[in-house]
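Heads up: the structure comes next, in structure tokens.
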Amino acid sequence: MIQNHPEKLHDSKRIEKAIELAKKAHEGQFRKTGEPYIVHPLAVKKILEEWGMDEDTIIAGILHDTVEDTPLTLEEIKKEFGESVAFLVDGVTKLSTARNGMRDIDTYLPATRDNFLRLMIALGDDIRVLIIKLADRLHNLRTLSALPPDKQKKVAKETLEVFAPLADRLNMGLLRVELADLSFKYVDPRRYEELKNLLEKYNKSAAKSLQKIEEEITESLKKEKIKFEISGRVKSVYSLHKKLAKHNQNMGEIYDLIALRIIVEDITSCYLVLGLIHSLYTPMNGRIKDYIAMPKQNGYQSLHTTVITKDKRIIEFQIRTKEMHEYAERGLAASFYYNEQKLTENYKKGKIEHLPTNLLWITELQMTAARLREGKKVDLKKLKINLFADKIFVYTPKGDIIDLPNGALPLDFAYKLHSEIGDHVVGVKINGKMSNLNKKLEQGDVVEILTSKNQTPKSSWLDKIFTPHAREKLTRALRLLNHSEPKRLKKRKQKK
């Protein structure tokens, strides 16, 4: 079994100093559980350490409630721990303060989600603020039983609608599963217990069969001298709930209740293992998924295959490298663990271009945050599409992967590459064939943008654009060409 990466060695003096300051600031305060309040920031610290976050983030996690709940000021934090820590604490404080205005909402409406999106936009300057908030939310959920039932349900719904999807968007798989299951337990306790018992019974009945399969796989891989680690993966309760809803509550349609994960050293070994599994068991038609060649929207990579064993059991295998596994479990946090210095330095400079390609949507948060600070209007509905809707990956002719929201068109692709390319588009080839600018791009398309220096942006292109990023670039280009604001854009605003 792949273990959590070890806690990083930080300057313990700074962290100890932060703990002492937090203890002093929170002295006399207690949580709803009856415990001293300091228990909470120390729990957040532990979670951030488990995720492998940088030292500034851990210190900010320890101090994240001090400015809001104690006499401690941001200036004092800045003086003691530096500008970066103070900035992170300020970000978490602003998020918490803004959330207070939503606590009187009786029902969880779509508008509430838009409010949260507005709050998340404000975090775009440094995504570590969001990671601290996710750690804070995780510990609060773990101790949610201390709150009254109505507040339990409200926090749980909020988490299922906003924080669990954001964890998924950051590819923090372990976090997403725990947030969703803990929340579902309070949102629908009867259904939760029903599905939990169902999974336990299934796992118990399959235990002996699974052990035998594991032994067969182990023997086969050792013969081939493939270095590997193997472990079981049980489906989460909330994930089963969603799958059953999709398949009309038909348990017979759920083929991944139990999965065996095989972790190997390199990509070549992944495909070798896939072949060996298919030589031992019968693969099910349409159940072989290559997420290595074609990653999921959040960057997840793995080979999946569902097979029928000799005793007629249906088992899913997931095959991946150690690096893929770390990223599948921790997502953005894993990126910080392996690239801490580079990422932290770039955040200080206001840059995040070194993030993995599938996480570059975070730059949109930064751009939107900047627009809000300048007092400009932001279309939250369009932004919601980019943050929460399914993503697609398309390719340039050279094989570069471009991450776009589902529904994107060729001009969105062009402006994602560069505004100079978008401004001079004369045509597009999709998968080697001439197409038109109204053609919706699909997963895996190879897109070639044709340009001409003589071409200039056209106001009619506004009907051929899906993403806010491309719309902003096009509108700016039209204004530079001394266009007045396009009439169709004015009409849209009037309708709103």
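Check whether at least one residue in segment 294-302 is aliphatic (A, V, I, L, M), surrounded by fewer than 16 Cβ atoms within 10 Å (Cβ to Cβ) and in contact with a Gly (Cβ under 9 Å, 6 or more places away or on another chain), and report yes or no. Looking for residues that are aliphatic (A, V, I, L, M), surrounded by fewer than 16 Cβ atoms within 10 Å (Cβ to Cβ) and in contact with a Gly (Cβ under 9 Å, 6 or more places away or on another chain), one finds at least one in segment 294-302, hence yes.
Table: residues versus (1) under 27 Å from M172 (Cα atoms); (2) at pLDDT 90 or above; (3) not assigned by TED's automatic domain parsing to the domain that holds K322.
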position: Q3; (1), (2), (3): yes, no, yes
position: E80; (1), (2), (3): no, yes, yes
position: D90; (1), (2), (3): yes, no, yes
position: D104; (1), (2), (3): no, no, yes
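Of everything listed in (1) closer than 18 Å to L138 by Cβ; (2) free of Cβ contacts under 8 Å to residues at least 60 places away in the same chain, the single unmet condition for W51 is (2).
Each residue in segment 67-78 was checked for being in a helix (DSSP H, G or I), among the β-branched types (V, I, T) and modelled with pLDDT under 95, and 1 pass.
Say we look at segment 153-183 and pick out the residues that are over 19 Å from the mean Cα position of the chain (by Cα) and either at pLDDT below 90 or not β-branched (V, I, T) (or both); which of these is surrounded by the most Cβ atoms within 10 Å (Cβ to Cβ)? Residue satisfying both the conditions and the ranking: K154. Residues that are touching a Leu at 6+ places or on another chain (Cβ under 8 Å), crowded, with 19+ Cβ neighbours inside 10 Å and within 19 Å of G299 (Cα to Cα) were ranked within segment 394-432; the one that is modelled with the lowest pLDDT is D403.
Only residues that are part of a loop (DSSP other than H, G, I, E, B) and modelled with pLDDT under 90 were counted in segment 5-31, giving 7. Taken over segment 53-85, residues that are charged (D, E, K, R) and under 11 Å from A22 (Cβ atoms) amount to 2. Pairs linking a residue in segment 396-410 that is among the polar types (S, T, N, Q) to a residue that is part of a loop (DSSP other than H, G, I, E, B) and modelled with pLDDT under 80, with Cβ atoms under 7 Å and 6 or more positions apart or on different chains, are N406/A389; N406/D390.
A search for C-beta distances below 8 Å between a residue of segment 427-449 that is within 20 Å of D463 (Cα to Cα) and outside the structural domain of L409 (by TED's automatic domain parsing) and any residue that is part of a loop (DSSP other than H, G, I, E, B) and not acidic (D, E), counting only pairs 6+ apart in sequence or on different chains, returns nothing.
The set of residues in segment 461-476 being buried (at least 20 other Cβ atoms within 10 Å of the Cβ) and of a type outside the set (D, E, K, R) consists of W461, I465, F466, T467, P468, H469, A470, L474. The strands (runs of 3 or more DSSP E) found wholly in segment 198-312 and carrying at least 1 residues that are touching a residue at least 60 places away in the same chain (Cβ under 8 Å) and under 22 Å from H325 (Cβ atoms) occupy 228-234, 258-264.
Against the list (1) modelled with pLDDT of 90 or more; (2) more than 28 Å from Y291 (Cα to Cα); (3) of a type outside the set (A, V, I, L, M, F, W, C); (4) within 23 Å of the chain's Cα centre (by Cα), the condition D379 fails is (1).
The condition of being surrounded by fewer than 20 Cβ atoms within 10 Å (Cβ to Cβ) and over 25 Å from the mean Cα position of the chain (by Cα) does not hold for R233. Considering segment 315-325 alone, what residues qualify as being free of Cβ contacts under 8 Å to residues at least 60 places away in the same chain and surrounded by fewer than 18 Cβ atoms within 10 Å (Cβ to Cβ)? The one that is free of Cβ contacts under 8 Å to residues at least 60 places away in the same chain and surrounded by fewer than 18 Cβ atoms within 10 Å (Cβ to Cβ): E323.
The values are calculated or read from the model by the stated rules, or taken from the named source; none is laboratory data. Computed from a predicted structure; not experimentally measured. All Cβ positions, even for glycine, are placed from backbone atoms using ideal geometry, and neighbour counts span all protein chains on display.
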